[in-house]
Every structure is written in structure tokens, then in C-alpha cells.
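**Student:** I have a structure I would like to understand better, so I am pasting it below and will then ask my questions one at a time.
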Amino acid sequence: MTQDPDRPTVTYADAGVDISAGNDFVRAIAPLAARTARAGADAALGGFGGLFDLKAAGFEDPLLVAATDGVGTKLKLAIETGLHTTIGIDLVAMCVNDLIVQGAEPLLFLDYFGCSRLELGVARDVVAGIAEGCQQAGAALIGGETAEMPGMYASGDYDLAGFAVGAVERGQVLPRSDVAPGDVVLGLASAGVHSNGYSLVRRIVAQSGLSLASPAPFEPNRSLGEALLTPTRIYVASLKQALAAHRDAIKGFAHITGGGLTENVPRVLPKTVSATLDLDRIAVPPVFPWLAKSGPVAESELLRTFNCGIGMIAITAPETADAVAKTLSDAGETVVTLGEIATGDGGVVYRGRLGLS
């Protein structure tokens, strides 16, 4: 093809995609990824794919477990407030917490960052949070994808997705099939809303007349935006300690995400039993009474939308429940004996009421 020498040429940058900026970004985040190196992975960036050596990580006969997730419309709060440093922790948490509940140790993490135009400061803040989450989980950040797509995303918007892989030795997969009447349900406290239900949260904020810069009614020393961006708690380290000390006693974990206690607890129960949970025992974080009153939102809707103060549950044999709870407490968790397993149909039965006043 002959090119007209008098006709101006166009470049990828003219179309809104700056390859040089992308290269600068990779160089900027390389030290962040390097901090997540662990046995089995060096966390170096720049290849076409990331490698992981299961043998070097100490596994003998492992099964791989994979999880993928995002952070939903909580992203809109980060974008609207300009606070981007913790949303990456949420991204990692939503994936690695889903691995550890199956008994799997998180090994590696990859991220997808899509935007209209790459803003290096924003993107670096996001990836710094991802690296922090990976360090908390003990997972190596071994790669990812950054995509500039003008016309797909509005100016200033970005999107995130996370992908995690873990491993568990064959025969140690959770939940176990022997969950039985009399087993104890322990609840581990959440850090707040975590990363589910934000479409409802944002609607309540909009109708409250408050701005995200206003003092949070439930936490006046922080802005509403800052308080609602409190990151999802990563439970990996404490649950690993509990498994190491009490593997024979622990029968299952459940990560309390979208669907709340109502939908997530049954995911780890046989159809012949139910979980009876005492709502009076939950120390409900103050954000939930504010949401309930401002909505208003009924208790039943709260329980099937939000974690309501319990971000993780553990099911354990009754004779070792106190020991498991102590190990989790010693590992930094706030633990409550939430209820017990009884004969039933695989669902959840509630006693008492949430403390919403």
C-alpha cells in the first residue's frame, strides 16, 4: 500500500491509548509486586504469563482452587472521593477469602485494570492496595492486565477484576460432609460493609442528602466516603493458623458476602441440618443501624444483603470450639459463639434481633 506523503499520519496515542504511559506504569508498580514474592513465585512482572512452582511452595499432592471477583459499585465511591489506596485490598479480599474457606492457601493473584485513559497516580494507588492485600494473604502478585479503552469507559472511570489461585492437599478440602447437630458456629467480626450491597448503600447516601465529604453520622471523625471505603477484612492468616492447630476439629468456613448470613451459611451445610444463629450475640458495627434507619431497610433485608458484622463463620466440633475460638482470637480476630447446628433442611434459623438501635 502506498501512503500519501502529504497526509498526516495518526498514532495509537492520537486514539487515546498511550503505550509509553503503560510502560511507565509497569515500571512504577514493579517494586510493589516484588514485595509480594513468596516461595514458588518471584512476583516479577513483564512476561506473557506468570509461573508458580507448587513443589517449591511445599505441596505434595495438591488440588488447585481458583476464584475471581470484583468490588462492585464500591468502585464508584473510590472514584467519586478520589480515595484509591484501599480498593485494591477489597479486590484481593473478595478472592482470597473465597479460597481459604475451601481450605486452600492463596498462592498467586492477577488483576485487571480497565480505564478510559491511564492516570498513573490513580492506577499506582490502586495497585498499591492490591499489593498490600496480597501481602496480607501471603499471595504473590505475579501479573495483570492494564487496558486503556477510550469510548468504553467514561473519563475518570476505571474497572477492576481479580483472579486468585490457591492449593489444598488432597483430602483436606472444606467444607467436610460430617457437619452434624451439636456442632458450634463461630462468627468472626467484619470491618464494616466490606464489598457487597453498595448499590443499596449509594442509594441511601443519595437520599440522605449527605455528601461523601460530610462527617459520617456513624463515625464523625471520618468523612462518609472514608468510612464507607473501609476495606474488606482478609481472614487468610488467622484461618490458616486455626487450620494448622485444629484441622481435625474444623468442619467448614463460610465467607459472608452478597446474600449475607441468610444465603452464604447454607452453602457449607448438608441438606439434613440447619444453622441456628443468635443475632443478639453480634456486635453490629454502627454503619448498619445508620443504613437500617436511613433506608429504611428491614432486618430481613439487611441479613440477606450485608454481613451485618460477621464477615466469616467457622463450624467446629463442640468439644474443640473454645480452643478454636482462642486460636482465632490470638490471631487477631474478634470471635463470638454465634450459634449451633441442628437437624433441619440446610437453611438458617435466627433467634433474637440485630442490635440496630
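**Student:** So which residues in region 316-338 are open to solvent by 60 Å² or more (accessible area, probe 1.4 Å), within 23 Å of the chain's Cα centre (by Cα) and not β-branched (V, I, T)?
**Tutor:** D330
**Student:** Next up: Could you say whether any residue in region 283-301 is of a type outside the set (G, A, S), buried (at least 21 other Cβ atoms within 10 Å of the Cβ) and assigned to a strand (DSSP E or B)?
**Tutor:** No, region 283-301 contains no residue that is of a type outside the set (G, A, S), buried (at least 21 other Cβ atoms within 10 Å of the Cβ) and assigned to a strand (DSSP E or B).
**Student:** Is there any pair with a first residue in region 245-257 that is in contact (Cβ under 8 Å) with a residue 12 or more places away in the chain and in a loop (DSSP other than H, G, I, E, B) and a second that is of a type in the set (V, I, T) and surrounded by fewer than 22 Cβ atoms within 10 Å (Cβ to Cβ) whose Cβ atoms are under 7 Å apart and which are 6 or more apart or on different chains, and what are they?
**Tutor:** Close Cβ pairs (under 7 Å, with a partner that is of a type in the set (V, I, T) and surrounded by fewer than 22 Cβ atoms within 10 Å (Cβ to Cβ)) amount to A249/T320.
**Student:** Residues Q102, Q135: which one is open to solvent by 10 Å² or more (accessible area, probe 1.4 Å), over 21 Å from A28 (Cβ atoms) and polar (S, T, N, Q)?
**Tutor:** Exactly one of Q102, Q135 is open to solvent by 10 Å² or more (accessible area, probe 1.4 Å), over 21 Å from A28 (Cβ atoms) and polar (S, T, N, Q), namely Q102.
**Student:** Mind telling me which of the residues R267, R247 ends up being in contact with a Pro (Cβ under 9 Å, 6 or more places away or on another chain), open to solvent by 40 Å² or more (accessible area, probe 1.4 Å) and within 27 Å of G103 (Cβ to Cβ)?
**Tutor:** Exactly one of R267, R247 is in contact with a Pro (Cβ under 9 Å, 6 or more places away or on another chain), open to solvent by 40 Å² or more (accessible area, probe 1.4 Å) and within 27 Å of G103 (Cβ to Cβ), namely R267.
**Student:** What pairs can you find where one residue is in region 97-122 and farther than 22 Å from L32 by Cα, the other is open to solvent by 10 Å² or more (accessible area, probe 1.4 Å) and of a type in the set (F, W, Y), and their Cβ atoms are less than 9 Å apart, with a gap of 6+ or different chains?
**Tutor:** These pairs meet every condition: S116/Y153; S116/Y158.
**Student:** Right, another one. Can you tell me which residue within region 138-148, out of those that are at pLDDT below 95 and open to solvent by less than 60 Å² (accessible area, probe 1.4 Å), is nearest to A237 (Cα to Cα)?
**Tutor:** Checked region 138-148; the qualifying residue nearest to A237 (Cα to Cα) is I142.
**Student:** Let me ask something additional. Please state which of the following conditions D322 fails to meet, knowing it meets all the rest: (1) closer than 21 Å to G182 by Cβ; (2) touching a residue at least 12 places away in the same chain (Cβ under 8 Å).
**Tutor:** (2)
**Student:** Something else: Looking only at strands (runs of 3 or more DSSP E) that lie completely in region 148-237, which have at least 2 residues being under 28 Å from V336 (Cα atoms) and among the aliphatic types (A, V, I, L, M)?
**Tutor:** Per the criteria, 184-189.
**Student:** Ok, one more. Within region 52-70, count every residue that is touching a residue at least 24 places away in the same chain (Cβ under 8 Å) and in a loop (DSSP other than H, G, I, E, B).
**Tutor:** Final tally of qualifying residues: 7.
The values are calculated or read from the model by the stated rules, or taken from the named source; none is laboratory data. Fair warning: this is a prediction, and the values are worked out from it, not measured in the lab. Here Cβ is always computed from backbone atoms with ideal geometry, including for glycine, and neighbour counts include all displayed protein chains. Please note that ligands, DNA and RNA were not included when accessible areas were found on the heavy atoms of the full protein model with its side chains. Shrake-Rupley method; radii C 1.70, N 1.55, O 1.52, S 1.80 Å.
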